[in-house]
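The values are calculated or read from the model by the stated rules, or taken from the named source; none is laboratory data. Bear in mind that the values here come from a model prediction, so they are computed numbers and not experimental data. As a convention, Cβ positions derive from the backbone with ideal geometry for all residues, glycine included, and neighbour counts pool all protein chains shown.
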Amino acid sequence: MVREINKSRCPICEQEGRTVQIFTVQALMKAESLSNIRDGDYLFCANADCSVVYYAASADLVFQKESLKIRVGLKEKEAPRPVCYCFGYTIEDIQREIQETGKSTFEEVISNKIEAGLCHCEDANPEGRCCLGNVAIAVIRALQLHHTNQDETVPLAGTLDCCNQE
């Protein structure tokens with residue numbers, strides 16, 4: 001029996017990938033990896049335990065963490081682990097603020113910068129989309145880690161998506 005290959009799944013871990021624009025891939029690759037990029041559809045592997053970051057849907061082409069010129073926060077086990085690529089915030093920044101103050105202001109700070117038109121997630125975030133979802137998750141995890149309750153309910157990402165403003 002021949003096994004059918006699902007091109008939307010990572011060829012290494014077989015997790016379903018998320019589509020990213022080719023300009024995101026091009027923007028984040030090291031110079032020596034740029035020549036390997038081919039036209040076509042690319043997907044992002046969000047599996048934290050998989051070294052693949054991007055793979056081509058139509059070819060046997062994968063780009064691992066080492067091919068990128070930035071750290072991919074959700075794939076890193078050690079600090080610094082980026083969570084907001086436009087403004088340089090890390091998971092450790094969020095954890096530190098919560099440890100020191102009992103709350104996080106990062107979502108508000110980032111939202112204000114987004115409203116000012118300062119974000120560029122499409123070519124800064126390896127996922128090619130707004131980072132607020134990942135920031136919200138990092139805040140929730142840090143609050144749980146420090147057994148702290150924030151004064152206000154932590155808003156879920158999507159309340160402001162800098163990549164899809166209308």
Could you say whether any residue in region 111-132 is modelled with pLDDT under 95, over 16 Å from P82 (Cβ atoms) and in a loop (DSSP other than H, G, I, E, B)? no
What pairs come out if I take residues in region 116-130 that are not assigned by TED's automatic domain parsing to the domain that holds I22 and crowded, with 19+ Cβ neighbours inside 10 Å and pair them with residues that are at pLDDT 95 or above and among the hydroxyl-bearing types (S, T, Y) whose C-beta lies under 6 Å away, six or more apart or interchain? A124/Y85; N125/Y85; G128/T24
Suppose the filter is of a type in the set (D, E, K, R), at pLDDT below 95 and more than 30 Å from E32 (Cα to Cα); does E100 pass it? no
Looking at F106, F87, which one is crowded, with 20+ Cβ neighbours inside 10 Å and at pLDDT 95 or above? F106
Long-range neighbours under 9 Å by Cβ, at least six apart or interchain, first residue more than 18 Å from G40 (Cα to Cα) within region 1-24, second assigned to a loop (DSSP other than H, G, I, E, B) and modelled with pLDDT under 90: E14/N6
When residues of region 45-61 are limited to those that are over 15 Å from the mean Cα position of the chain (by Cα) and either in contact (Cβ under 8 Å) with a residue 24 or more places away in the chain or assigned to a loop (DSSP other than H, G, I, E, B) (or both), the one surrounded by the fewest Cβ atoms within 10 Å (Cβ to Cβ): D60
Any residue in region 82-110 that is at negative phi and among the hydrophobic types (A, V, I, L, M, F, W, C) sitting within a Cβ distance under 7 Å of a residue that is surrounded by fewer than 18 Cβ atoms within 10 Å (Cβ to Cβ) and at pLDDT below 95? List the pairs, counting only those 6 or more apart or interchain. I98/H146; I98/T148
